[in-house]
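> Sharing a structure with you now.
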Amino acid sequence: MTRSVALLLPLMLLPACQGLPHGAECRSLAGVPLYAPPLAAERKAQLEADLLAAQQAALAAPGRESSIWVARRLGYLGRYREAIEVLDEALAEHPGDPFVLRHRGHRWITLREFGRAAWDLERAALACRLEPDVVEPDGQPVEGRPPHSTLHYNVHYHLGLALFLAGDLELAERAWLRCLAVVDNDESRVAVTHWLWCVRMRLGDRAGAQAVVASIPATMDVVENRSYHELCLLYAGKRQRAELQPRPGSAGSALAFGLAHHALVLGARTDARRQFEAIVQDAGWSAFGHIAAEVELRRVPR
């Protein structure tokens, strides 16, 4: 058993989201029940059609991949607990499978179950030693952009995030270094570089933090992760804070968290806390920036 799993066992023994009101997916770290966010009628209809198609495909050809797609489609609808139930069943059929573990680990992060997430992702990381890396298909692709994230990248990226959120900063750094080692595209590189800078600053390693962002140029092939790219440039002193404009959705949450965390590690704790509080007022509670802001509000004293 690795040190991180041993340390997180007490978290995993706690009942998941005890006493949830009917229809709630989980509670925020402040104890507020969280429900699947409302969707525009047209968007919801499309996502439900996609889910139905995935469910029919799984009935016609049961297996790991079809189960993962059903879980992903449920997740896009905000039905995260149902997604985990599907992945539970897939793991019963495919014990230790890194693909299933990586998706379930991601969903445990969404539900603020960081110990369970780390447990799954640790096992996925071990399994990846024997599993060739492959590009994972996009569930919600950006038009004109091919898929870019891989199994190994996603496992180490999400493991680092689960550990960071759980407070094990040294092991989070180690996971993100492994993640960086398998990166072969700019979209993935700027995402993990952002988190490496964050964790090294929290560890007091300012030189190491600057070293990791120093190689990030202003010109990169980045479309989906522009918030992370701009944050890396800010950390490296190649952008000014005033140049980074707010964005909607999860990209906006990522940017807002990065700016708040930047203020925090530079000593502006009161301003950082105000920014974290603003982030958690947003309805997009499944975004990593939102979840990380909840964590920081528990870490940063008033």
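> Assign one of three labels to the stretch 41-95, namely rounded, prolate or oblate, based on the Cα gyration tensor with a ≥ b ≥ c the square roots of its eigenvalues; rounded applies when a/c is under 1.5, prolate when it is not and a/b is larger than b/c, and oblate otherwise. Numbers along the way, then the final one.
Numbers: a/c = 3.62, a/b = 1.59, b/c = 2.28.
Verdict is oblate for the stretch 41-95.
> Going by alpha carbons, how many degrees (0 to 90, nearest 10) lie between the helix axis of 226-235 and the longest principal axis of the chain?
Tilt relative to the chain: about 30 degrees.
> On to the next question. Rg over Rh of the chain, using C-alpha atoms and the Kirkwood radius, what does it come to? All intermediate terms of the calculation are to be shown ahead of the outcome.
Working: Rg = 18.7 Å, Rh = 19.8 Å.
So for the chain, dividing Rg by the Kirkwood Rh gives 0.94.
> To continue, here is another question. Round to the nearest 10 and give me the degree value, 0 to 90, for the angle of helix 98-110's Cα axis relative to the longest principal axis of the chain.
Tilt of helix 98-110: around 60 degrees.
> Label the stretch 236-302 by shape, choosing from rounded, prolate and oblate, from the square roots a ≥ b ≥ c of the eigenvalues of the Cα gyration tensor; if a/c is under 1.5 it is rounded, and otherwise prolate applies when a/b is larger than b/c, oblate when it is not. Provide the component values of the computation, followed by the final result.
Working: a/c = 2.05, a/b = 1.06, b/c = 1.92.
Note, shape of the stretch 236-302 comes out oblate.
> So for each of 24-34, 149-159, 68-78 I average, over its residues, the number of other beta carbons within 10 Å; can you give me the resulting order with the highest mean first?
Values: 24-34: 15.5, 149-159: 24.5, 68-78: 22.0.
Listed from highest to lowest mean packing, they are 149-159, 68-78, 24-34.
> Cα centroid distance between the stretch 148-202 and the stretch 260-302, in Å?
The distance from the Cα centre of the stretch 148-202 to that of the stretch 260-302 comes to 19 Å.
> While we're looking at this one, here's another question. If each residue of separation counts as 0.36 nm, what is the full-extension length gain between D138 and Q210 once their alpha-carbon separation is subtracted? Present the calculation step by step, with values, prior to reporting the outcome.
Working: separation 72, 0.36 × 72 = 25.92 nm, distance 3.16 nm.
Once the chain is fully extended between D138 and Q210, it gains 22.8 nm.
> Could I ask something else about it? Counting each DSSP H run of 4 or more residues in the chain as -39500 (n - 2.57), what helix-only mean residue ellipticity at 222 nm follows after dividing by all residues, to the nearest 500 deg cm²/dmol?
Numbers: 14 runs with 189 residues, N = 302.
Only helices count here, giving -20000 deg cm²/dmol.
> Extension gain A60-E93, at 0.36 nm per residue separation less the Cα-Cα distance, in nm? Don't skip to the answer; put the middle values down first.
Numbers: separation 33, 0.36 × 33 = 11.88 nm, distance 1.67 nm.
Full-extension gain reported as 10.2 nm.
> Turning to a different aspect of this structure: Kindly rank 272-285, 252-265 from highest to lowest mean number of other beta carbons found within 10 Å of each residue.
Going from most to least packed, we get 252-265, 272-285.
> Now, a different point. Shape of the stretch 198-280 from its Cα gyration tensor (a ≥ b ≥ c, root eigenvalues): rounded if a/c is under 1.5, otherwise prolate when a/b > b/c, or oblate? Before the final figure, lay out each step's value.
Details: a/c = 1.93, a/b = 1.06, b/c = 1.82.
Because a/c hits 1.5 or more and a/b fails to exceed b/c, the stretch 198-280 counts as oblate.
> Using only Cα atoms and rounding to the nearest 10 degrees, what angle (0 to 90) does helix 169-181 make with the longest principal axis of the chain?
Roughly 80 degrees, rounded to the nearest 10.
Taken together, the values in this text are just the output of simple stated rules run on the coordinates, not laboratory data. Given the structure is predicted, the values throughout are model-derived calculations rather than measurements. Every residue, glycine among them, receives a Cβ derived from its backbone with ideal geometry; neighbour counts consider all protein chains shown.
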